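Every number here is computed from the coordinates shown, using simple stated rules; none is lab data. All values reported here derive from a predicted model rather than from experimental measurement. Cβ sites come from the backbone with ideal geometry, for glycine too, and all protein chains shown count toward neighbours.
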Amino acid sequence: MSIFNFYEEIKKGLEGSYFLYCQDPFMLQEAYSAFSAYIKDRGEELCLKVFDMSEKLPISHVIEALKTPVFFGNKGWIVIKEAQSVKLKDLATIAAEIDNSRVLFLYNKNPEREIFNTLKSVRQAHNEVRFISIELKENEVLAWIDLKAKNLGIELGEEAIQYLLELTEGEPGLIATELNKLAAAGIKKPSQEELKELVFAHLNYDTTDFINAIKKKDRVKALSILKSLKDDFPLAIGALNKIYSNSSDYKKAIPLLHEMDFRAKAYKDFLEPLLLKLLELKVR
């Protein structure tokens, strides 16, 4: 089984509860993203409760949620992230209480046989817990890349997919990152050179190259270099302020630069959307 089996379950309509397991946390996040989109499409957000068990939450919180009626008489969804942090006896308790709810277990390792046997012994016949390994199989990687790209509105030919696979060494998380960069840069049908630029550009560039990319409105290069500059990004703010100071759009640039400076210092993240807005402004 693989994540494609879970995709098929979503297409058919999710029934009962699911125990998804995988050693790659990225693939678990992919499955959860697909699940979240399914819930949103069905307008069931109000019927959803999420528990991250890595935060050492009391199991009583989960049990209470399982027993709490939801709106409109629908069965609610309970998501248990980091389910590998839950003791076996507590997993059994949860499984015994899912008659009026549906549970999505996200388990970040391969479960021991004892877990399969315990959950199977306590679940109700009418409320089956389905076990699905969502590891991405080697012979499914190309199809997964193609599907991921199409969902982002990107067209990749067979050669481009093979090249992306080679550049990223088949790492799903890295592949997804590069595809998201392409989508953010508005590149719908990338060439091999553009793919290479996105994956490797940041390895050989510095702040000066970043500023030059901004001046040239080169979104691909700017986004790529940004990844390596996050630790030193506050130093680049002054240079950015200088090049935009003579622009007719300077008043629009100021709040973006301030927000980028704050985020770079506080989070070192969430800079890409702001950079894309900045690139829409006039430099001179």
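With charges set only on the Cβ (+1 for Lys and Arg, -1 for Asp and Glu), what does the dipole of region 3-136 come to about its Cα centre, in debye to the nearest 20?
240
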Checklist outcome for this item: The extension gain from residue 180 to residue 141, computed as 0.36 nm times the residue separation minus the Cα-Cα distance, is 12.4 nm
Next on the checklist: Can you tell me, using C-alpha contacts under 8 Å and at least 6 residues apart, the relative contact order of the chain as a whole percent?
Outcome noted: 17
Checklist entry - Got a sec? Charge dipole of region 139-204, +1 on Cβ for Lys and Arg, -1 for Asp and Glu; which of 176, 160, 143 is way out at the positive end? => result 176
Checklist entry - If contacts are Cα pairs under 8 angstrom and at least 6 residues apart, what is the relative contact order of region 1-159 in percent? => result 37
Checklist entry - When the helix-only estimate is applied to the chain (DSSP H runs of n ≥ 4, each -39,500 (n - 2.57), divided by the residue count), what is the mean residue ellipticity at 222 nm, nearest 500 deg cm²/dmol? => result -16500 deg cm²/dmol
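List the GluC sites (Glu not before Pro) in region 74-173 that DSSP assigns to loop (not H, G, I, E or B) and whose Cβ has at most 10 other Cβ atoms within 10 Å. Which are they? Working shown, then result.
On the way: sites: 82, 97, 112, 114, 128, 135, 138, 140, 155, 158, 159, 166, 169; in loops: 82, 97, 112, 128, 135, 155, 169.
Here the sparse-neighbourhood loop sites are 112, 169.
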Checklist outcome for this item: On the formula 1/(1 + (r/R0)^6), with r taken between the Cβ atoms of residue 109 and residue 159 and R0 of 41 Å, the FRET efficiency rounded to 0.05 is 0.70
Checklist entry - Once you sort the root eigenvalues of the Cα gyration tensor of the chain as a ≥ b ≥ c, which label holds: rounded (a/c under 1.5), prolate (a/b larger than b/c) or oblate (the other case)? => result prolate
Checklist entry - Just how large is the dipole of region 139-204 about the Cα centre, in debye to the nearest 20, putting +1 at every Lys and Arg Cβ and -1 at every Asp and Glu Cβ? => result 320
Next on the checklist: When a/c reaches 1.5 or more, the comparison of a/b and b/c decides; with that in mind, is region 3-138 rounded, prolate or oblate per its Cα gyration tensor?
Outcome noted: rounded
Item to check | Loop GluC sites (Glu not before Pro), region 1-54, which have at most 12 other Cβ atoms in a 10 Å radius of their Cβ (DSSP) | outcome: 15
Item to check | Cα centroid separation - region 16-67 against region 131-199, whole Å | outcome: 26
Checklist entry - What size of dipole, in debye to the nearest 20, comes out for the chain about its Cα centre when the only charges are +1 on Lys and Arg C-beta atoms and -1 on Asp and Glu C-beta atoms? => result 1000
Checklist entry - Which of the lysines could be linked to residue 188 by a straight reach, that is with a Cα gap under 18 Å, when you skip same-chain ones fewer than 8 residues away? => result 148, 150, 196, 217, 221
Item to check | Mean Cβ count within 10 Å, highest first, over the residues of peptides 274-280, 246-252 | outcome: 274-280, 246-252
Next on the checklist: Can you give the FRET efficiency to the nearest 0.05 for residue 67 and residue 169, using r as the Cβ-Cβ distance and R₀ = 41 Å?
Outcome noted: 0.30
